[in-house]
Structure formats: C-alpha cells, structure tokens
Amino acid sequence: MTKMMKYSIFYLALFFAVIPNAGAASPLCFINVWGGYGAYDGEFRDPMGIAVDGGGNVYVADLQNNRIEKFSNDGAYAAQWGGYGSGDGQLDLPFGIAVSGGGNVYVSDWINNRVEEFSSTGAYITQWGTEGTGNGQFDEPRGIAIDGSGDVYVADIINDRIEEFTADGTYIRQWGGYGPGAGQFGNPGPAAVAIDSAGNVYVADAGNNRIEKFSSTGVFITQWGGGGTGDGQFNDPEGIAIDSAGNVYVADLENNRIEEFSATGAYETQWGGTFGAPGSGNGEFNEPGFLAIDGGGNLFVTDIGNNRVEEFGACPDSPTPTPQGTMAPTQSATCTAITTPTQSMTSTATMTQTTSMTSTATMTQTTSMTSTATMTQTTTMTCTITMTATETPAPCFRLYPNAPNPCLNGTNIIYKLCGEAEVNLKIFTISGEVVTELSQQGLSGMNRLYWNAKNRSGKDVASGIFIYSLEAAGGNDRKKLWGKLAVMK
C-alpha cells in the first residue's frame, strides 16, 4: 500500500547562504543510451553486469538471453556469444562481467556456479568453480572484478564471502562470513566488487545496505551506508565502480539512483529519479544494476527495468560566477526552492545588477513574490516549502526464468523482492489442475524456490508443460506473477 510522506520546512537565513559549497561534487551529466527489450542484436532481457576494456568497448551480461553482448563505446552493436546451457562457453543466467588488462573477458555464470573466461571476441578459454562451500566453489556467484596484477575477485553471494583467484582460476584466498559486523556480509550477501588503483577492494554489501572497504588481502578498512533514502544511505546497493581519482560510485537499486562518495566514504552527490521513484527518461532509472567506468571517466549503468545501458560523463563547463553583490533595500525576490526528504534546498538568483550565483533563484526589481520570501537590507529571505513524496512499499516483485528449463528432476523458481515477504508457489498442469504447492519466507534481494518435479503425493510428474503462479505477500501488499516450465524425463 502506498504511503505518503509530507515534508514542511521553514527556512530563514542570509540569502547567499543557500549557495552550494563551491568544493562539492556535481552529478555527472547524461550522454547516451542504448538497448531496449528483446532478443535481437543490441537488445536486452535484464542487462546485469557491465565492463569496459582498454579500447573503450563495452560488454554487457544479458541475463535472460544467456549471452554476452559487445558494443562500441558509443553503443553500436559489435558482437555476441553464449547461449543457454552448461557446456564450455554456454551460460545459465550470466550475472557479473569483468575485463582484464589483456582484454580477456571473465563472466560469473550464476546458475552453473562457475567463472568462464573468453577472449575479447568471445572465444572460450577456460572455466573454474562448482557448486559448494569449499575453497574455489560457489553458491550463486554475482559481481566480479580484476586487479592490476590480473587476480580475479568474485562475490560469492550465498556463501557470504569474497574469493580471490589468479587469472587462470587458481584459488588464493577468501574472506567474509554472515553477519552485520565489520568485514561480514548480510543476507543477501556481497552483490558486487570493485578495486581501486591502489588494490583496495570495495564490496557492495546488499544485505546490510552498506559499502565495505578492504585491503587487497581482505583486511577490513572501513564501511559506510545504512538502510534508507537519505544522502549516503542505500536500499539494496548492487553495482559499484571507482574512477581514476578514487571516487566511488554506487548503484542504489531500489532508490533508483547513483550515489557518489570519496574513497573514505564521504557523501558527495547523487542523481537519478525523484524521491526514489523509477523513471524511463534520459538520466532516470528503473533499478540501476551494475556500473563500469572507461578511460575517459565516463560512467556506464545497466538500467535493468528499462532494459538499456545509460552513459554519463562530465557536464559542460558552467560560466564563471560574477562576484557576489549587495542588494538594494527595495529589491524583492521570486524564490523557487526544491526540497528532498533529506531537507536539502537549492535556489538560484539572477540580479538586475548582473550579480549571478550558482544556486537557483532569480532576482528582479519587481515586488512580486511567488513563495513566502521577504528581502530586507540585510538580504534575509523567508521561504515556506511543502513537498509530497511517495514511498515504494515492499514487496516489489520480479520473476526471472526458472533454471534449468527444461528440467529433469527439478528446477529453481528464481525471483527478487524489495523486502521480506511470504512467498507461495503453485504448480498447475496445462489444463489447470493443481500439481503441488510450496511456500517459503522470501528475503530482500534474489531468491530461489526449488521444485523437485514431484506432485503432492511425492510422485514424479510426467513429462510435459506446466504453469506456475508465484505470489508474494508483505504487509497489506500482495502481488502474483505467472510463469511456464517444461519437464522432460
């Protein structure tokens, strides 16, 4: 059920005090977009991981199409490879992707619980990993990153750990463990990993809504974040990337925004949707997933819900502000103020005596007022602002392809939730007869519910096509999704 939040702020201060700090970071500007829903060349069905090679080529893990797509730096389609399966070079829901200094492409093959290595043209090279909890094994590998020496770091999400390997897949070390403590990871566990020029490892700890920073050997250094919609807070941080200056960019998935921080976690800026609402316009997001930065500092974002890639870069230079002047006692102002739930405020003024500022308000010599603002000889302004925003309730609910499909002895029904919810699965024959019912407590993030291809009596079902419904209930919100699967005996 939609909740409404009302923020009313009474602000009284010297007018020039509302001008932003000149040293504060500015959001990157929208440059380009490409993609669209589908299975044709250059289209996506849930784009996830993204990476950029030294030549500026962009690689995208196209999850539901079980393929990797390669593009030029401006989004022109170049090539693809993969295909559903568990054989060499095949994929079963590719999630994370990274490119080495030599141009080889590493992919975390989610359901096959392995990492596959390809050349830059998609030629299969090698693979490693199996399902399990041992050294070098995985339980749903997600994000992947490569350091300057070629070592590969994998976010092993269900096992709540980061694993490090050599470039050819030899196991080196691991760290993590489940929990809220320093160096631990929540449920779901580590979603993404990135490495700075000094070799420090940054992890998006989705379950604890925070970023954790480690040394290259896994020694905990610091953390920041916390659940929420405020500046520096997160609601399911998924992607993470670091530019050459050490700035850290985080895809705050459920808040539909990108947040930027310093290397030590100091909040700098953000951009994306209004009050966390999804959008499909240029520079807006519907579940921003993973991030990559090219050599020119341009940031690429997989916009999952909109099935596209968006590119951002440095904004055009702004005119140099003129020195701040003194307003005449008779001057009045039209003040336009925008607040967010974090109660920040910006305003710009253009004065007739050519005094301009970097905040957003316009000064004229008329005496009209559109908000409650009064200018005195000491340049005092009074504004009253009321904003209304919506809060997205849990559970937001997304269904992914079941795997394997077709199945022999069972299949995973894969889904995603914004918050915890009771989830019920019903399997039907094609004629509508109920075969069986299952339920589980779904957690925030990616989940899977396993059906063993048996009916209510515990007997194996015959080969055929089956329909299933998946229903999630949290609080007063209830949503149902439908899917289809095949059993082949």
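State whether the residues of the stretch 196-217 include one that is open to solvent by 10 Å² or more (accessible area, probe 1.4 Å), acidic (Asp, Glu), over 20 Å from Ile172 (Cα atoms) and in contact (Cβ under 8 Å) with a residue 24 or more places away in the chain. Taking every residue of the stretch 196-217 in turn, none turns out to be open to solvent by 10 Å² or more (accessible area, probe 1.4 Å), acidic (Asp, Glu), over 20 Å from Ile172 (Cα atoms) and in contact (Cβ under 8 Å) with a residue 24 or more places away in the chain.
Filtered by the rule that a residue be open to solvent by 20 Å² or more (accessible area, probe 1.4 Å) and not in a loop (DSSP other than H, G, I, E, B), the stretch 60-89 gives Lys70, Tyr77, Ala78, Ala79, Gln80, Trp81, Gly82, Tyr84. Counting residues in the stretch 142-162 that are at pLDDT 95 or above, more than 23 Å from the chain's Cα centre (by Cα) and either under 24 Å from Gly89 (Cβ atoms) or open to solvent by less than 20 Å² (accessible area, probe 1.4 Å) (or both) gives one or more. In this structure, Val154 qualifies as within 19 Å of Gly199 (Cα to Cα) and among the β-branched types (Val, Ile, Thr). Residue count for the stretch 166-185 under the criterion of being out of contact with any Pro (no Cβ under 7 Å at 6 or more places or on another chain), outside any loop (DSSP other than H, G, I, E, B), open to solvent by 30 Å² or more (accessible area, probe 1.4 Å) and closer than 23 Å to Gly225 by Cβ: the result is 2. For the stretch 233-249, a residue qualifies if it is within 19 Å of Val152 (Cα to Cα) and either out of contact with any Phe, Trp or Tyr (no Cβ under 9 Å at 6 or more places or on another chain) or assigned to a loop (DSSP other than H, G, I, E, B) (or both), and exactly one does: Asp243. So which of Gly230, Gly218 ends up being part of a loop (DSSP other than H, G, I, E, B), within 17 Å of the chain's Cα centre (by Cα) and over 15 Å from Cys418 (Cα atoms)? None of the others qualify; the one that does is Gly230. Restricted to the stretch 117-165, the set of strands (runs of 3 or more DSSP E) holding at least 1 residues that are in contact with a strand residue (DSSP E or B) (Cβ under 8 Å, 6 or more places away or on another chain) and closer than 23 Å to Gly207 by Cβ comprises 141-146, 152-156, 161-165.
Across the stretch 450-489, the qualifying residues are those that are open to solvent by 80 Å² or more (accessible area, probe 1.4 Å) and among the small types (Gly, Ala, Ser), and the one among them that is modelled with the lowest pLDDT is Gly475.
The values are calculated or read from the model by the stated rules, or taken from the named source; none is laboratory data. The model shown is predicted, which means the values in this text are computed figures rather than measured ones. Because the Cβ atoms are built from the backbone with ideal geometry, glycine has one as well, and the counts that use them run over all protein chains shown. We work out accessible area using only protein heavy atoms, side chains counted, and drop any ligands, DNA or RNA first. Shrake-Rupley method; radii C 1.70, N 1.55, O 1.52, S 1.80 Å.
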